[in-house]
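Readers should treat all values here as calculations from the given coordinates under stated rules, not as data from a laboratory. All values derive from a computational prediction rather than experimental measurement. All Cβ positions, glycine included, derive from the backbone under ideal geometry; neighbour counts span all protein chains shown.
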Amino acid sequence: MNSSSSSTRSALPLAPGERLPVSKVLTLSPEALKEIDQLADKFPDRLAATLPALHIAQREFGFVSLEAMKAVAKALDIPEGHVYGVASFYSMYQKHPVGSFHIQVCTNISCALNGAVALLDLVKKKTGISQRGEVSSDGLWSVEEVECLASCGSGPCLQVNHDIYDEFVNEAELDRVLEACRSGQYREWAK
Ligand code: FES
């Protein structure tokens, strides 16, 4: 399916003084709260659980909104300022809504020499996404051009959510991955 229409969000990253978008979800689910509590118990200090707790919040809220940061601070009983500092430092926390499958394509030099720009164009064409900050109308896709996915020797490579595909990704492999996403067959490597 090639989603021709899509909703456009403002350009990323946030400009100075620009406010984060407000998320539709405003609180963590009981399951997520329990998950955060359990992982916090694994650390000697609850501050140390901020990173994985933010990942849970990103999954629940769709992106790391201000509400998500406040919810994490409350769940861990740590200062909101600490959570904001961590969330705003790391680029892997999305500050705008993204699709169910957020696809990042590396176009840094090693991957560029192996056809990364053509791969990025293919990803955009096949998902109907033309620019960063855009989400397909069916909510499935968002696409981001990134600098390096730490697999420079076997590019071009891409990342779907948290999963890296780094074995010289070609159109056939891309089609296989996208079809798995569309059909509900996508299995995260981490699970
Ligand atoms: S240059 Fe593409 S992964 Fe490093």
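Among I129, I78, I103, the residue with the largest mean-square fluctuation in a Gaussian network model of the chain, with springs joining Cα atoms closer than 10 Å, is I78. Could you work out how far helix 80-89 tilts from the main Cα principal axis of the chain, as a 0 to 90 degree angle to the nearest 10? Result, in degrees: 20. Among D121, D163, the order by Cβ neighbours within 10 angstrom, fewest to most, reads D121, D163.
Among beta bridges identified by DSSP and lying wholly in segment 70-191, the antiparallel ones come to about 50 percent. Calculated mean residue ellipticity at 222 nm for the chain: -11500 deg cm²/dmol, from DSSP H runs with n ≥ 4 weighted as -39500 (n - 2.57), summed, divided by the residue count and rounded to 500. Structure remark: mean-square fluctuation, Gaussian network model of the chain, C-alpha springs under 10 Å; the largest value among G153, G128, G62 belongs to G153.
What shape does segment 20-89 take by its C-alpha gyration tensor, where a ≥ b ≥ c are the square roots of the eigenvalues and a/c under 1.5 counts as rounded, a/b above b/c as prolate, and the rest as oblate?
Values: a/c = 2.01, a/b = 1.29, b/c = 1.56.
Oblate shape, in that a/c is at least 1.5 and b/c is the bigger or equal ratio.
Comparing E31, E67, E147 in a Gaussian network model of the chain where C-alpha atoms under 10 Å apart are linked, the largest mean-square fluctuation is found at E31.
Based only on other Cβ atoms within 10 Å, what is the fewest-to-most ordering of K125, K70? Let's see the in-between values first.
Details: K125 11, K70 16.
Lowest count first: K125, K70.
By other beta-carbon atoms within 10 Å, ranking S142, S29, S154, S136 with the fewest at the front produces S29, S154, S136, S142. Summarising the amide proton neighbourhood of V146: residues at separation of 5 or more, or on other chains, whose placed amide H is nearer than 5 Å comprise V105, C106, T107. Assuming charge only on the beta carbon of Lys and Arg (+1) and of Asp and Glu (-1), the dipole of the chain about its Cα centre is about 400 debye to the nearest 20.
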